[in-house]
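Trainee: Dropping a structure here in structure tokens format, bear with me for questions.
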Amino acid sequence: MITALRGTHDILPGEVEKWQHVERIARQLCERYGYVEVRTPVIEREELFSKGTGETTDIVQKEMYSFEDKGGDRVTLRPEATPSLVRAFIEHNLEHTLPSAKLYMMGPMFRYERPQKGRYRQFHQLDVEVFALSDPAIDAEVIDLAWRLIEALGIKQTELVINSVGCKECRPKFHEALLAALGDDLPKLCGDCQRRAKTNPLRIYDCKVPADQPIIDALPHSIDYLCEPCKTHFTAVQAHLTSWEIPWRISHRLVRGLDYYVRTTFEILGETLGAQNALLGGGRYDGLVKQLGGPDRPGIGFAAGLERLVLALPEDTTLATTPRAFVVAIGDDGRAEAIKLVRELRRAGLAAQMEYDARGVKAQMKRADRVQARVTLIVGGDELARGEVTLRDMSNGEQRGVVRAAVVDEVRKLMS
Ligand code: HAM
């Protein structure tokens, strides 16, 4: 038997309705906030992520699906969407062609991680990005969209955590303070942390090794080293969140695992999810567009893991289902009429099906039950003689004859 790869999943009926629900709500909200959809390729040049996501991140160091294609190009299955959307923003000059560069997309991402609940090798994100706006109100608006998404999905027991990681002006001072505070403890940290101390000390905060945690918990906080403009920005973001009645907590450890962040970072955590508890995460990345060869434009956004949103959906979520009609045919004449009727219903925009194998009425009725038909229509010799169809309302079992010409309207009434 050939099975799906470890860390990848088929999304089957029974589960897929939850995905459709999450995707529909996400789409509605994005449109309501003025975002337009963009779809970028799943495969990109490797350097987009090594430069964009950042050489010192775990993603680039350990988790990318990168290979040489048959033409000799180094390519990567995207591990995240932000660099792809930045590339598209630059490549298509979206700043000038769109009324405002507020973009969203949904699709699969790939990271070679150790799979566990909520963490997969192929997973899906809703990704939202805003380019060219630097006012703290836009940070708050992006966080508001994230917050409302969780609220609209009815996900409870969540917490918004925020932080500011400073900018290229104040970051070096913070790095110095980190290294100074580590001092003699540095050799006690894991190999990854020793490397991080050399390449990008901020990344030490990404460490998950239990033995390192007491040392890391005692390290200085980025918000104590912010320059004046970063401090003012962070204060303003918090003031907006307060006035919009969004509760939050500052988390000093929230430096996020990607290199491009400056100033605001945030995550929404779901308490029911276990170890992989980040429903979504994001932040500001003001230098990234320039770094990837575009104009010097700021940016901010977030991505939500669709698997995690689906996992956190409340049990009692009402999922939209399409009501169906099932047509039962008796005898050859009935069958010919049933085929006509199914086509007529479908053309009228209603979901209808029938059994094509000539089977007994009982077997067909069973099938109507299995497909959870809302209405069953029975067409046989008797009905044909009367110019009628027997209509059975499956919610209460009531059965009545309906004039053939009125069938579509009657079915529509019952299925609306
Ligand atoms: P990220 O924190 O790496 O950020 O991922 C965002 C979300 O994707 C996570 O909070 C989680 O819900 C989901 N996720 C990440 N990895 C996995 C996985 N292996 N399995 C299942 N779900 C996962 C980013 O990707 C940034 N591009 C977000 C961003 C957009 N920042 C600014 N704009």
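The values are calculated or read from the model by the stated rules, or taken from the named source; none is laboratory data. Bear in mind that the values here come from a model prediction, so they are computed numbers and not experimental data. FYI the Cβ positions are ideal-geometry reconstructions off the backbone, even for glycines, and counts take in every protein chain you see. Each accessible area value is taken on the protein alone, full model and side chains, heavy atoms only, with ligands, DNA and RNA left out. Shrake-Rupley method; radii C 1.70, N 1.55, O 1.52, S 1.80 Å.
Trainee: Using a 1.4 angstrom probe on heavy atoms only, work out the carbon and sulfur share of the accessible area of the chain in %. Present the calculation step by step, with values, prior to reporting the outcome.
Mentor: Details: 10420 of 20550 Å².
Exposed carbon and sulfur together represent 51 percent of the surface.
Trainee: Return one whole number: the accessible area per residue of the chain in Å², for a 1.4 Å probe.
Mentor: On the way: 20550 Å² over 416 residues.
In whole numbers, the chain has 49 Å² accessible per residue.
Trainee: If I take the Cα coordinates of the range 4-118 and project them onto the principal axes, what are the three extents in Å, biggest first?
Mentor: 43, 40, 28
Trainee: Find the percent of Cα-Cα distances in the chain that exceed 42 Å, and round it to a whole number. Could you put the intermediate results ahead of the total?
Mentor: Numbers: 27078 of 86320 pairs.
It works out to 31 percent of all Cα pairs.
Trainee: I want the local charge near Asn93. Using Cβ-Cβ distances under 14 Å, sum +1 for each Lys or Arg and -1 for each Asp or Glu among the other residues.
Mentor: That works out to 0.
Trainee: Local charge sum around Thr322 (other residues, Cβ-Cβ under 11 Å, Lys/Arg +1, Asp/Glu -1)? Don't jump to the answer; show the numbers that get you there.
Mentor: Details: positive: Arg324, Arg374; negative: Glu17.
Its environment carries a net charge of +1.
Trainee: Taking the 0 to 90 degree range and rounding to the nearest ten, how far is the long axis of helix 16-32 tilted relative to the main principal axis of the chain, both from C-alpha atoms?
Mentor: 60 degrees
Trainee: With a cut-off of 8 Å between alpha carbons and a minimum separation of six or more residues, what is the relative contact order of the chain in percent? All intermediate terms of the calculation are to be shown ahead of the outcome.
Mentor: Details: 701 pairs, mean separation 66.1, N = 416.
That works out to 16 percent.
Trainee: Sticking with this structure for a sec: Could you work out the percent of alpha carbon pairs in the range 225-347 separated by over 24 Å, rounded to a whole number? Before the final figure, lay out the partial values.
Mentor: Working: 4167 of 7503 pairs.
Within the range 225-347, distances greater than 24 Å cover 56 percent of Cα pairs.
Trainee: Suppose each label sits 7 Å from its Cα in the direction of the beta carbon; what would the Arg253-Arg370 distance come out to in nanometres?
Mentor: 5.2 nm
Trainee: No solvent, one uniform scatterer per C-alpha: report log10 I(q)/I(0) for the range 64-143 via the Debye equation at q = 0.11, 0.12, 0.18, 0.23 1/Å, two decimals.
Mentor: -0.42, -0.49, -0.90, -1.10
Trainee: Can you list residues whose amide H is under 5 Å from His252's amide H, if they're 5+ apart or on another chain and H is modeled 1.01 Å from N?
Mentor: none
Trainee: How large is log10 of I(q)/I(0) for the range 308-350 at q = 0.27, 0.29, 0.32, 0.34 Å⁻¹ when the intensity is taken from the Debye formula with one equal scatterer per alpha-carbon?
Mentor: Values, matching the q order: -0.95, -1.01, -1.08, -1.13.
Trainee: Sticking with this one: What does the helix-only formula give at 222 nm for the chain: each DSSP H stretch with n ≥ 4 adding -39500 (n - 2.57), the total divided by the residues, and the result rounded to the nearest 500 deg cm²/dmol?
Mentor: Numbers: 15 runs with 150 residues, N = 416.
Roughly -10500 deg cm²/dmol at 222 nm, from the helical runs in the chain.
Trainee: Which of rounded, prolate or oblate describes the range 330-416 when judged by the alpha-carbon gyration tensor and an a/c cut-off of 1.5? Mind showing how you got there, number by number?
Mentor: Numbers: a/c = 1.28, a/b = 1.08, b/c = 1.19.
Cα axes put the range 330-416 in the rounded bin.
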